[in-house]
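Structure first, commentary second.
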Amino acid sequence: MASKKSVMHLKQLYNHQQVRTFAKLVRQQNPEEVKNMPIYQYATENTKKKKRVYMWGNTKFGALGNSSFLLPTVHKYPLDSMKYPWRLPFADIHKVQDVACGYGFTVFAATNKENDFTVFGTGLNCDGQIGFHCSERNTPLGTLAEPVPIALPLLNSGTKAIKVGCGRAHTVVITDKEGIFSLGNNSYGQCGVPLENKEVDKFLNIHHIESIDEEVTEVVCGQDHTLFLTASGKVYSCGWSADGQTGLGHYDNQFEPSLIKGDIEGEKVVQLSCAADCVLAVSDKGDVFGWGNSEYSQLDSATDLQQINIPKKLNLGLGKITQVAAGGTMCAVVNEKGSVYVWGYGILGQGPNVSSSKIPLLLPEPLFGLNEFNPDNKVVQLACGLSHFAAVTNKFHLYMWGRNRDDCLGLGKNHGDQFFPFKIAVPAEVLKVSCGVDHTAVLCRSFA
């Protein structure tokens, strides 16, 4: 085996040979040709990193924001799905602050120096969840193939969107100066406003939510209900509550945001998660609370009931919890040590032979990159769709597992469901991941 010193010597010889070869080529070239040769700029420690967005999964409804996936002008046939992370050009000319995936559509909080718009959307628009956009015949468009601006009724042109949330067919936007706006399907009150008695064009109806007196810092949308997290750690909710998912102590639909009490009263909630009708919340103390659907033992540590309509503290016994994720039939948490635990029903990440568990199961840390070369590696963020999970580490790496519906896991060609966490080849530092029902979007930062 060659010594380290001999290896270094070989590298130096190789580099010197490269220089000599290049100098020889320069001498042989015409000076004018040398002047026109390309100049490559390499990244340094001082190079400014840029925000990027990568997307993958179902392409049939335009949720990935690339019209060439749908129109056979570039590809021989329209693509049914994008099987691996694809970089969205929209994010190269817009400053993206946040991204959220709904059912067949995607919404961005973004700005551009060339216009005053601050929210954009692409994909399904059958309920006006990405605003009013018309064809040449002035008829509302039910599908958009690329990101288009959503015209919020803002009073100040300097107001910016900072957070977005998407449900099955509704969108909620948090701005920095003018509060909260919602649009899309409001059949169950998920937009946070009472139903209108008169017929109003759903594509034109953008609501300004004024019933929350506190500053709202985060919005989380289930299928047909909405949760608002305030700066003080309180939680408000509205919408469909047949399984108790609004947490307001009843099973009736709620048409205006109301304060949730129960076991979270007096607690400072720091994070919420809900992909369907089961909700998990974590406090600044590291305690976990849950409410809504528990048909698959999601809330088994707090109740034997299949639905509960008020928050209950879960007795998990896993130490201080920092992140939670509640899918359609399964749940996950990560504690301050970075250990991930899963339970419920579905592809839990424990292999093909484990499809259900009433108690939290530990996913081995090496599955998320912990080894002797990365001893400080740990999971710091969780997200989920209806039937799959995503985890982001402190090294900004993304891991996913679960049902690979329409290639929403981004695993590549001809890949089925994933039974263990698998690292996704995203060529950037992952900051946030949003999981739709069959597509995924990640907000990233370039390596350099």
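The values are calculated or read from the model by the stated rules, or taken from the named source; none is laboratory data. Keep in mind the model is a prediction, meaning the values are calculated, not measured. Glycine gets a Cβ as well: all are built from the backbone with ideal geometry, and neighbour counts include every protein chain shown. Ligands, DNA and RNA are excluded from the accessible area calculation, which covers all protein heavy atoms including side chains. Shrake-Rupley method; radii C 1.70, N 1.55, O 1.52, S 1.80 Å.
Quick rundown of the values:
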{"item": "The one condition in (1) part of a strand (DSSP E or B); (2) out of contact with any Pro (no Cβ under 7 Å at 6 or more places or on another chain) that C238 fails to fulfil", "result": "(2)"}
{"item": "The one condition in (1) in contact with an Asp or Glu (Cβ under 9 Å, 6 or more places away or on another chain); (2) open to solvent by less than 10 Å² (accessible area, probe 1.4 Å); (3) closer than 19 Å to V433 by Cα; (4) part of a strand (DSSP E or B) that V270 fails to fulfil", "result": "(2)"}
{"item": "Pick from the range 371-388, criterion free of Cβ contacts under 8 Å to residues at least 40 places away in the same chain, more than 17 Å from V334 (Cα to Cα) and part of a loop (DSSP other than H, G, I, E, B), ranking: least open to solvent (accessible area, probe 1.4 Å)", "result": "P375"}
{"item": "Among residues of the range 222-279, those that are touching a Lys or Arg at 6+ places or on another chain (Cβ under 8 Å) and of a type in the set (S, T, Y), counted", "result": "1"}
{"item": "Test: residue in the range 187-199 that is crowded, with 17+ Cβ neighbours inside 10 Å, without any contact (Cβ under 8 Å) to a residue 40 or more places away in the chain, out of contact with any strand residue (DSSP E or B) (no Cβ under 6 Å at 6 or more places or on another chain) and more than 16 Å from D98 (Cβ to Cβ)", "result": "no"}
{"item": "Tally of residues being surrounded by 24 or more Cβ atoms within 10 Å (Cβ to Cβ) and either part of a strand (DSSP E or B) or within 10 Å of the chain's Cα centre (by Cα) (or both) across the range 435-448", "result": "7"}
{"item": "Wholly enclosed strands (runs of 3 or more DSSP E) of the range 273-354 bearing at least 3 residues at pLDDT 95 or above and surrounded by fewer than 20 Cβ atoms within 10 Å (Cβ to Cβ)", "result": "307-314"}
{"item": "Residue match in the range 407-420 (condition: buried (at least 19 other Cβ atoms within 10 Å of the Cβ), out of contact with any Gly (no Cβ under 8 Å at 6 or more places or on another chain) and over 25 Å from K163 (Cβ atoms))", "result": "yes"}
